[in-house]
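Data first, discussion second: the structure below is written as structure tokens.
The values are calculated or read from the model by the stated rules, or taken from the named source; none is laboratory data. Quick caveat: nothing in here was measured; it's all calculated off a predicted structure. A quick note on method: Cβ atoms are made from the backbone with ideal geometry, for glycine too, and the neighbour counts reach across all protein chains shown.
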């Protein structure tokens, strides 16, 4: 398993604005979307293309195209939804699944409350979306569930990850590649990533 960190000036610039506590809801949403496009671009570098013949205004031309039906994107509710807008700009015909999880306050384990996937999910390459990879609990539970449905190829896309989250995900699913914009320093006592950007869901939806 490997993690791919997008060390790029554009990413660094956008992350700096995203992290700023003074960045408003509208701008925060836009930046999540823009970073998601760049993550998707990198994660699909190995996408397979099919040969097709088209006609330009001047002649017939043999080229290659992506079969978008081969891919599904699965945001982890609710914060993961903030990444979908950017993703569908790049792969507009990709299918979107949804999974909802909450944390049991006694066991601290993720509990599934919603699960809806596109038809034939086991025949698609699946990209799991969540802006934050903190402890890795939600990511692991989501990937567990997808593998139960027979999904063979899975990639995890996030904006910010913690070293602990990456390590936990590696231990649980060594075959899943992680794509992120930044690996931050650590988690604090209550599980927030430092320096981080706060609660991504609250900042996307303006609930705090």
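Taking residue 90, is it surrounded by 10 or more Cβ atoms within 10 Å (Cβ to Cβ) and in contact with a strand residue (DSSP E or B) (Cβ under 6 Å, 6 or more places away or on another chain)? Write out each step before concluding.
On the way: surrounded by 10 or more Cβ atoms within 10 Å (Cβ to Cβ): yes; in contact with a strand residue (DSSP E or B) (Cβ under 6 Å, 6 or more places away or on another chain): no.
So residue 90 does not fit the description; no.
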Mind listing just one residue for me: the one in the range 135-157 that is touching a residue at least 60 places away in the same chain (Cβ under 8 Å) and not in a helix (DSSP H, G or I) and, of those, surrounded by the most Cβ atoms within 10 Å (Cβ to Cβ)?
157
Which residue, of 113, 179, is in contact with a strand residue (DSSP E or B) (Cβ under 8 Å, 6 or more places away or on another chain), at pLDDT below 95 and assigned to a strand (DSSP E or B)?
113
Just name the residue that is nearest to residue 151 (Cα to Cα) out of those in the range 169-190 that are surrounded by 15 or more Cβ atoms within 10 Å (Cβ to Cβ) and out of contact with any helix residue (DSSP H, G or I) (no Cβ under 7 Å at 6 or more places or on another chain).
177
For the list (1) surrounded by fewer than 16 Cβ atoms within 10 Å (Cβ to Cβ); (2) in contact with a helix residue (DSSP H, G or I) (Cβ under 7 Å, 6 or more places away or on another chain); (3) more than 22 Å from residue 39 (Cα to Cα), I need the number of the one condition that residue 110 fails.
(1)
Scan the range 1-50 residue by residue and report those that are within 24 Å of residue 167 (Cα to Cα), touching a strand residue (DSSP E or B) at 6+ places or on another chain (Cβ under 7 Å) and loosely packed, with under 11 Cβ neighbours inside 10 Å.
2
State which residue pairs qualify: first residue over 17 Å from residue 76 (Cβ atoms) and inside the range 92-113, second residue surrounded by 17 or more Cβ atoms within 10 Å (Cβ to Cβ) in any location, beta carbons under 9 Å apart, and separation of 6 or more residues or different chains.
93/71
